[in-house]
Amino acid sequence: MKDFSLHILDIAENAAKAGATLLTIRLKQQENRLLCTIADNGCGMSETTLQHVTDPFYTTRTTRPVGMGLPLLRQTVEQTGGMLSIRSRPQQRYPKTHGTVVEAVCRIDHIDMIPLGDVPATLVTLLQGHPAMDILFTHTVGRQTVRLDTRQMREVLGEDISLGEPEVLTWVASDLAQQYQVLRQSGQAVFL
Amino acid sequence: MTVEELAQTFSLECLVSGEITRQVQSCYIGDLLSRVMGQAPAGCVWITIMTNSNVCAVATLADVACIVLAEGEQPDAALLDAAMAHGVGLYRSDRSAYMLAAAFAAGGI
């Protein structure tokens, strides 16, 4: 992967496949680290699946519950001296609190760290592909936070308008672009 | 062979010309930048598919003759800016790293 946002997209697609209705993506830049937390309320994974989820040779492609996304994310994270952790609660055992949390910590001052890439485009792609899934996104650098909350958008737009409508996606893209411009102009060193 | 001759002979698209009269002494292929930093010999043509601005930093540190982006890759805006600012030769080609290196070897590098 050449951009970190492609990893985010991939993990988020896993969440959508797991039937998540709410996806939380949190980015936090702290000194020389980027913390990325992606949490969903999808069906979760069993202990056995979880143990093998970053092993690319676990099983064949057709029976594999997730793609190569997590092994590749682990590589991206570990090649910067960072860490990846995955927790999951399967629906069968946790009927009310099921879901998966992927947490990545990257060292952004490492030469092998890839750029964050186009986060607004990634979020728009997600929204377009899964308009019914709610997304809560925050990207925090110092005191500044870029935010997208589709639950608030739904409240304003009402239930009849799909968040996958071109007008909605265009608005999301320009709103995020504007927020990122403010973040870039905040005088802090923003890793993008 | 100089950087300029390399670009002409192998139809490389020039993004930043860099030190065009510099001799290209060898060739190195690599995408893991920390590895390239330690292993790429000075004066080589470095073939990579990585396109972020760290590529320019590594090229400077390793003192390569020029960079060639393979497989049709386009540089990030930050890489293009950095290469221009530091006068690092940046070229691109649609060919694979293997095809490029094989052609360079056949051409005497």
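Each reported figure results from applying straightforward, stated rules to the coordinates on display, with no laboratory input. Not measured: the values here are computed from a predicted model. FYI the Cβ positions are ideal-geometry reconstructions off the backbone, even for glycines, and counts take in every protein chain you see.
Values computed for the structure shown
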quantity	calculated
B:CYS66 away from chain A (no Cβ under 12 Å) and of a type in the set (A, V, I, L, M, F, W, C)	yes
Sole exception among (1) surrounded by fewer than 16 Cβ atoms within 10 Å (Cβ to Cβ); (2) more than 14 Å from the chain's Cα centre (by Cα) for A:LYS17, by number	(2)
Tally, over region A:1-55, of residues that are farther than 15 Å from A:MET133 by Cα, of a type in the set (Ser, Thr, Tyr) and not in a strand (DSSP E or B)	5
Condition met for B:VAL88 (touching a residue at least 24 places away in the same chain (Cβ under 8 Å), aliphatic (A, V, I, L, M), within 11 Å of chain A (Cβ to nearest Cβ) and under 20 Å from A:ILE111 (Cβ atoms))	no
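Table: residues versus (1) of a type outside the set (Ser, Thr, Tyr); (2) away from chain A (no Cβ under 13 Å); (3) free of Cβ contacts under 8 Å to residues at least 12 places away in the same chain.
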{"position": "B:SER11", "(1), (2), (3)": "no, yes, no"}
{"position": "B:GLN23", "(1), (2), (3)": "yes, yes, no"}
{"position": "B:TYR28", "(1), (2), (3)": "no, yes, no"}
{"position": "B:ARG35", "(1), (2), (3)": "yes, no, yes"}
{"position": "B:ILE49", "(1), (2), (3)": "yes, no, no"}
{"position": "B:GLU71", "(1), (2), (3)": "yes, no, no"}
{"position": "B:ALA78", "(1), (2), (3)": "yes, no, no"}
{"position": "B:ALA82", "(1), (2), (3)": "yes, no, no"}
{"position": "B:ALA103", "(1), (2), (3)": "yes, yes, no"}
